[in-house]
Each structure stands twice: as C-alpha cells, then as structure tokens.
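K.L.:
What follows is a structure written as structure tokens; I'll ask about it next.
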Amino acid sequence: MRFLFLCGVLSTVISAQTAEMKLHVDATDASRHILHASMTIPAKPGPLTLLYPEWIPGEHGPTGPITDLLGLKITAGGQVVPWQRDAVNMYAFHVTVPPGATQLDVVYDFVTPPEAAGFTSGASATTELAVLNWNQVLLYPEGTNSDQIRLQATLKVPNGWKYGTALPIAHETGNEIEFQPSSLTTLIDSPVSTGAHYRTIELGDSLGPSHFLHIAGDSERSIQLSDELIEHYKSLVLETGALFGSRHYRSYHFLLTLSDHVASFGLEHHESSDDRIGERGMIDEVSRKVNSDLLPHEFTHSWNGKFRRPAGLATPDYSEAMKGGLLWVYEGLTQYLGQILTPRSGLLTPEDFREDMAIYAAALDRKFGRTWRPLEDTAVAAQLLYNARDDYAGYRRGTDYYDEGTLIWLEADVLIRDLSKGTKSLNDFCKLFHGGPGGVPALKTYTFEDVVAGLNSIQPYEWADFLNKRLHSTAPHAPLGGIENGGWKLTYNTTRSEMWRNREEDSKVVNLNYSIGLKVSEEGNISDVAYGGPAQKAGVSPATKLVAVNRRQYYPVILREAIQSAVNSPAPIELLVKNGEYYQTFKIDYHGGEVYPHLTRDESKPDVLSKIIEPLVKKK
Ligand SMILES: [Zn+2]
C-alpha cells in the first residue's frame, strides 16, 4: 500500500490526477453470483487506456479475474464509445474519448465463480453472505499511480444484510452505503464482507486504534463463538501491541467469513484482512485448531507485508509485475510471528504448537525437491507455485518460503537470544523494523541488505552469510537449528499426535508420507507419493485410485492395519491401484510400521522454544 512513501522507489513516471472517479456496485444479486457495477471516469478527448487490476497485492501473482468481467459498455454523453482490448495485455481496453466529452460512463457486470478454489477470484458468495473485493469491479486509467487516483464508491447490499469494512463510511441509506472518497490503493485494500448472519465483536483499542471482528457465516450457529475464544482474540490484539510497539492503521477489521462454499484462504490488507474458513471453523474444535494461526498470520501482515514490504512487491499500480524473491521475509517471517502469536494469545496450547511445528518441520526435512530447488526459487516462482498441483508436490516443492521461513526465523530468534545471553530477541528486531510512529497506513520498502542491517543492529552476527546459506542450499535436509538449539529434537514414532489427527480429519486425507510414502483420501484418491519412498519405488504414482489393500477393499483403517501387520510379517503390502482405466498391483516391501513426527525435549539444552511462545502481556 502506498499512502506515504518513506523510502520506496517508483519505476514509472507518475502524473498527478485529482479528478474523482465514481464507482457504484450493486451486490443485491450476489447470491446469484453476479455483481452489477458502473463508473464515471473523468477524461479528456483523445486516446485513453483503461486497465483492469491484474497483479493483486498479497496474492503475489497476476490473479485479477478478467475472464469474469462481462457486459462492458462505455458511453460519453449518451454516445457509445467503442473499446478495443489490447492484443497482448488482456487487462487493457483502448478507447478514444470523443471531442467535447469530460467523462466516460462505464457499465459492466462481474460474475463470481460458484464453488471455486483460489484467492479472491475463487468463490466469494453464497445465498447467505458475500465478500466484495473492489479490484474485481473497477477499471482505472493507465499511467497514474494508484495512490493518486481518487474514487468515491457506493455499495448496495441485499436487503437486511449487515456488513463490515475498514473503508470509512460517509452515509448509509437503507441498504445503500456511500463511502468516503479514497485513493484507489485504499479502496482496493479495503474489502467489504456482508451477510444475513452477521456479527461484529469489539476486540479492544490497545495502543490507540480500535479492533473489530466482523463475522459472516452460512448459519446463525456458525457465528456463535465461545466467550473464551473471543478473549483469545482480544489477547492477540494486546500481544501484537507488545510485539511491535506501534500500529500502522486507523482501525483494524478482521472480516471473517465462515462457509463451506466460498474459497478458503486469508488475504492481508493494511487495515483489515479477508479471512475465510469452513462454516464450522470457529465452533468445531478440530477445524478451529487447524485454522488457529490464520487470523494471527493475516493480522501480522499489517506490519510485515503492508507497512514493511520488499521493494519488488511495492508496485505503482496493478499492471506492473511483482517480484517475489523476498517472500521468505514477507510470508516467512509473518508465518513465524503468526505461529508464535497463536500460543502467546492462547489460541493453541504450547503442546499443540509444538506438534504442529513437528508436522511442517518433518514435511520440509523429507522433501525430495530440496536437492534441486533452493528455497529462494520457491519465492521467485511464487506466482507459479500457488496453483501447482498436488502430484509430485514433494519433488516440485511448493510455497515453502512460508514454513521454511518459520524455521529460519526461529533459528535467528534462538541465535539472537543465545548470542546476547538472553538480553535480546527477534521481538526487538520487530520493534525496530516494524515500529515507528504509526497511526495511519504507510509503506516503507526494504531490500535484503535492509533486513541484514536490521538484524545486525539488534545483534551483530554474520547475518548475510547465515541467510544466504539457507536461501541457496540444495542440501537434502531442512534447517532445523532453531528447533535443536531451542532445546527440542524432531523425532518419529508410530503414534499420531493430536494435531496430526486433527489435520487428517480436517482434510479427509490419510497421510502416510513417512512410512509407505503416500497420501490418500478417505475415498482412495492417491494425491501424492513421496519421491524415493517405498510406494514410489514399488511403482505407485500420484493421481491414481487405491482400490484394495492385501486383496481387501480399501478403507483408511484397512491400510493402517496392513502397515501395522507388515511389521511382523515378511510378506509385502499389496496395493491394487486404478490408473486411468487400468488396474495395477504393486507389492511394497515395507516393514517399518506407521511413522509420525514429534518434537521431543532435549534436556541437554535450555528450553528456549517454550520461552519464545510465552505471552509478552502478563495475564490479569
Ligand atoms: Zn501471508
């Protein structure tokens, strides 16, 4: 976001534009998956190019849903103005503004996809609720920085629906909301959630700004959070104040959407976040635990990602390509802070936190793709990897800069504590790097060198070398120094941890990655095989269907029992697999039993990890 430029560098020439555009969005047909919109755009006679937002902040890729923009008609003073799409840039429309015209009138519809995954261009509306991201329903003139473009928006929501947003409101009449004029940057940064079953909970005003949790759910039951859970979110607000020391927003709004029929993800904004999980994500304990770090992660982005942002991700508008090479800071540090804020706020117990850490540390440590693809390349190629398939995922590697970022930043945190003899920690780095006067949104970009300088000012060390080694490594194992020097070890045994069970139950996938080396759904769909693992070596391939185990119809329990029985039998485990229209039998000569990861205390070292996840704010 570009409200203030403290040290950003702009790569295009900026021309000031002060004339205000108007945007009206009619969301009363949202449940039919269509939004109606119109704009008036001040214009001078002559050629003009209108752009549809392509590179969406926080999505780190060219994900603007141009395919779903329909019915585009442009007029000036009632006269039709023909448009022509650019032959190369699918997001650009060329027009010639007729002589005498001072503005263009533009009408169009936007179709929201039913039941589709993805970020904001995925499913975003049901019969009970909708989330509006403004970038999907507007065009803007080419050649002007999005901070300089002024817009005044109005929104009509379905009758009787409530709503929440960080965008300041001017007037409200019936179901029509008139917002205060803002920059295009702020408008796109301020989505609106609305719904028939809707609640707004105040979370307190620590360090000045007020905080709100707006919840839209597909049922009344879904939005009935327990008082205990609300207290944890209030603690989250206090903990971020203690961690960062200042806030870079006027007020903060969590827009939490609970539905099994909208895309599940979180998307950060400066003054809000668009957080979407299943309908029972706040009332079913399994689902709640699995998603417990979502709000802490997205909230952390207000500081790390929005206020502080890699220079390559701070583009002047939505048409310039973003460069994701520093996503191991943008997402990796956010992942680490979001995860440690979760137990600090009481959203997970320390044991649940450690079990979760064991799950992703093991996943990274056993990933075959580490030997060809260094971590930094997963960040550079982020725009490809968010949409990568599940098959051969361990060989391909995915958006590993999230979880491996956690391991690296944990290692840095433990190292700072060790080198400073307990007087400094990564908390001090956060105050220095993400602090400042606060109060209003601002953008302060950074480079790799700035990160190194920030770390050095807290604790001198060879930080550039430390980071470069981890970013460019093609060693077969993950950087586990933070866990090990933090007083714990990654170990394996035959027992599933509670968090492992929760994740299997939530995803409906049986994860046998560390034993026979495959992931299979409850229905038998083999989503992936561990490259180099027993199943893959025996010939099993991903994207096939498991039909039978040792000649008996597949059910998860049948497969687990077969793996357990093979420990005391020389016979291989026999899988009947359907690959396309053909059936194949594979014999897996594996006798090691079930294998699941854990963190085990190493008594020879101080327990730094437990110290890190202690609340910073003393409980009353
Ligand atoms: Zn994130």
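K.L.:
Pairs of alpha-carbon atoms within less than 8 angstrom and 6+ residues apart define the contacts here; what relative contact order does segment 191-240 have, in percent?
P.N.:
35 percent
K.L.:
Related question: Can you count the Lys pairs in segment 465-620 with C-alpha separation below 24 Å, eight or more apart or on different chains?
P.N.:
Close lysine pairs found across segment 465-620: 18.
K.L.:
Okay, next question. Heavy-atom accessible area of HIS591 with all protein chains present, probe 1.4 Å, nearest 10 Å²?
P.N.:
Estimated to the nearest 10 Å², HIS591 gives 60 Å².
K.L.:
Could I ask something else about it? Can you tell me how segment 148-206 classifies by the Cα gyration tensor, rounded, prolate or oblate, using a/c under 1.5 as the rounded cut?
P.N.:
Taking the square roots of the gyration eigenvalues as a ≥ b ≥ c, segment 148-206 is oblate.
K.L.:
Moving to a separate point now. Probe 1.4 Å, all protein chains in place: accessible area of ARG503 in Å², nearest 10?
P.N.:
Surface accessible to solvent at ARG503 totals approximately 80 Å².
K.L.:
If you don't mind, there's one more thing I want to ask. Could you go through segment 62-74 in sequence order and give the Karplus-derived ³J(HN,Hα) for each residue, using 6.51 cos²θ - 1.76 cosθ + 1.60 with θ = phi - 60°, rounded to whole Hz, and x for Gly and Pro?
P.N.:
Values per residue, Gly and Pro as x: x, 9, x, x, 4, 4, 9, 8, 10, x, 5, 9, 10 Hz.
K.L.:
Can you give the relative contact order of segment 123-275 as a percent, counting alpha carbon pairs under 8 Å and 6+ residues apart?
P.N.:
Taking the mean separation of contacting Cα pairs over the length of segment 123-275, I get 25 percent.
K.L.:
Each residue of segment 219-233 in order: what ³J(HN,Hα) in whole Hz does its phi give by Karplus 6.51 cos²θ - 1.76 cosθ + 1.60, θ = phi - 60°, with x for Gly and Pro?
P.N.:
8, 4, 4, 4, 9, 8, 5, 6, 4, 4, 5, 4, 4, 5, 5
K.L.:
Amide H to amide H, which residues 5 or more places from VAL97 or on other chains are under 5 Å from it, using H placed in the peptide plane?
P.N.:
Close amide H contacts, sequence-distant or interchain: GLY46, LEU48.
K.L.:
Next up: For a quick check: with amide H placed at 1.01 Å from N, whose amide H comes under 5 Å from ASN525's, ignoring anything fewer than 5 positions away on the same chain?
P.N.:
For ASN525, whose amide H was placed from the backbone, the distant partners under 5 Å are LEU546.
K.L.:
Taking the Cα centre of segment 346-454 as origin, work out the dipole magnitude from +1 charges on Lys and Arg Cβ and -1 charges on Asp and Glu Cβ, in debye rounded to 20.
P.N.:
Computed charge dipole of segment 346-454: roughly 200 debye.
K.L.:
Testing the spin-label approximation: label points 7 Å from Cα along Cα→Cβ at LYS44 and LYS618. State their distance in nm.
P.N.:
Label-label distance for LYS44 and LYS618, simple model: 6.4 nm.
K.L.:
Related question: For ASP68 and TRP372, compute 0.36 nm times the residue count separating them, minus their Cα-Cα distance, and round to one decimal in nm.
P.N.:
Length gained, ASP68 through TRP372: 105.7 nm.
K.L.:
Taking +1 at the Cβ of each Lys and Arg and -1 at the Cβ of each Asp and Glu, which of HIS434, VAL131, GLY486 sits farthest along the dipole of the chain towards its positive end, judged by Cα position relative to the Cα centre?
P.N.:
Comparing the listed Cα positions along the dipole, GLY486 ranks first.
K.L.:
Quote the charge dipole size of the chain about the Cα centre in Debye, to the nearest 20; the model charges only the Cβ of Lys and Arg (+1) and of Asp and Glu (-1).
P.N.:
Using Cβ point charges on Lys, Arg, Asp and Glu, the chain gives about 760 debye.
K.L.:
Subtracting the Cα-Cα distance from 0.36 nm times the residue separation, let me have the gained length for GLU178 to ASP205 in nm, one decimal.
P.N.:
Gain on extension, GLU178 to ASP205, equals 7.2 nm.
K.L.:
What is the angle, in °, between the Cα long axis of helix 463-472 and the longest principal axis of the Cα atoms in the chain? Nearest 10 is fine, range 0 to 90.
P.N.:
80 degrees
K.L.:
Enter the accessible area per residue of segment 353-444 (Å², integer; probe 1.4 Å; all protein chains in place).
P.N.:
Per residue, segment 353-444 has an accessible area of 38 Å².
K.L.:
Also: Simple spin-label model, 7 Å along Cα-to-Cβ: MET90 to ASN525 in nm?
P.N.:
Here the modelled spin labels are 2.4 nm apart.
K.L.:
To continue, here is another question. Suppose each label sits 7 Å from its Cα in the direction of the beta carbon; what would the GLU505-ALA117 distance come out to in nanometres?
P.N.:
Each label point is offset 7 Å from its Cα along the Cβ direction, giving 2.2 nm.
K.L.:
What does the accessible area of GLU220 come to, in Å² to the nearest 10, when a probe of 1.4 Å is used?
P.N.:
We get 100 Å² for GLU220.
K.L.:
Give, rounded to the nearest 20 debye, the magnitude of the charge dipole that segment 432-583 has about its Cα centre when Lys and Arg contribute +1 at Cβ and Asp and Glu contribute -1 at Cβ.
P.N.:
The dipole of segment 432-583 has a size of about 420 debye.
The values are calculated or read from the model by the stated rules, or taken from the named source; none is laboratory data. From a predicted model like this one, the values you see are computed outputs, not experimental measurements. For neighbour counting, all protein chains shown are included, and Cβ atoms are generated from backbone atoms with ideal geometry for every residue, glycine included. Accessible surface areas use protein heavy atoms only, side chains included; no ligands, DNA or RNA. Shrake-Rupley method; radii C 1.70, N 1.55, O 1.52, S 1.80 Å.
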